[in-house]
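Report on the following structure.
None of the figures in this text is laboratory data; all of them are computed from the coordinates on show. Please read all numbers here as calculations on a predicted model, not as lab measurements. Here the Cβ is made from the backbone with ideal geometry for all residues, glycine too, and neighbour counts use every protein chain on show.
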Amino acid sequence: MIRLFEPKKGCGFTAHYFTDNRTLKENRKVHSFRFSGHLFSFTTDNGVFSKTGIDYGSQVLLDALCAEKVHGDVLDLGCGYGPVGIILKTVFPDIRLTASDVNPRACELAEINSADNHIESTVIVSDGFEALHDDFDLIAVNPPIRAGKKVVYRMFEDSYEHLRENGIFMAVIRRSQGAESAIRRLQEIFGSCETVLRDRGYWVLKSEKQTKQTQ
């Protein structure tokens, strides 16, 4: 079930995928996607990110995530219609998945797609971490670059605060859209950041929230 949260008025940009854009005309379509031996079905719509199918950046992020020992409580931050979290839950069925997005339409689709792909998830409409109060072992994000560095870097900072000790943060960013500056910012926040995968200009960045004794 979707846990609803109404974003503050004036906090977004009307009609972008990273805002509340429920006034847009609906045009739902279903797309298939195969990953790691599994066939997935995803319903998309106007006003959500990559509505014509899973974008290549998310695919690169998934490749990197599936090379990790994913466990515990996982947050798909800025989930869109839900593919990253749904695929992770399928590959790692023991994880407890939370998916969140500022866009209520995206969250509605994420819940539909969770049901259609037979996985359990908690879907929360939230502007960043405003409605998220739990801590996580892994936070994954394909950040909304068009929202600007202020928004994206706030997601980095708040992710640090919502990770358990030794928790992992992973993000995918194009080099041409600021991956190198994102590394520097993550190094400032976490104390370290490594690039674990590069593919067609997409960089997957990984930071770990180390214990206070070793950070």
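Computed from Cα atoms, the angle from the helix 149-161 axis to the main principal axis of the chain rounds to 70 degrees. Build a GNM of the chain with springs between Cα atoms under 10 Å apart, and of ALA67, ALA147, ALA99 the one that fluctuates most is ALA67.
Counting Lys and Arg as +1 and Asp and Glu as -1, what is the net charge of the other residues whose Cβ lies under 15 Å from the Cβ of GLN187? Once all neighbours under 15 Å are counted, the net charge is -1.
Which angle between 0 and 90 degrees, to the nearest 10, do you get for helix 104-116 versus the longest principal axis of the chain when only C-alpha atoms count? Roughly 90 degrees, rounded to the nearest 10.
Between GLU188 and HIS118, what FRET efficiency comes out of the Förster formula 1/(1 + (r/R0)^6) with R0 = 45 Å and r the beta carbon distance, rounded to 0.05? Show your work: numbers first, answer last.
On the way: r = 41 Å, r/R0 = 0.91.
That gives a FRET efficiency of 0.65.
Helix 56-65 and the longest principal axis of the C-alpha atoms of the chain enclose an angle of approximately 50°. Can you tell me which of ALA171, ALA179, ALA106 moves the most in a GNM of the chain? Springs connect C-alpha atoms under 10 Å apart. In the Gaussian network model the winner is ALA179.
The distance linking the stretch 82-96 with the stretch 119-157 is 16 Å (Cα centroid to Cα centroid, whole angstrom). Comparing mean-square fluctuations of SER100, SER114, SER192 from a GNM of the chain with C-alpha springs under 10 Å, the top value falls on SER192.
Per residue of the chain, the DSSP helices (runs of n ≥ 4 H) give a summed -39500 (n - 2.57) that works out to -8000 deg cm²/dmol at 222 nm. Evaluated over the chain, the count of Lys pairs having alpha-carbon atoms less than 28 Å apart is 27 (only pairs 8 or more residues apart or interchain).
So what is the relative contact order of the chain, in percent, for Cα pairs below 8 Å that sit 6 or more residues apart?
Answer for the chain is 19 percent.
Need one word for the chain: rounded, prolate or oblate. Basis is the Cα gyration tensor (sqrt eigenvalues a ≥ b ≥ c); a/c below 1.5 gives rounded, then a/b vs b/c decides. In terms of gyration-tensor shape, rounded.
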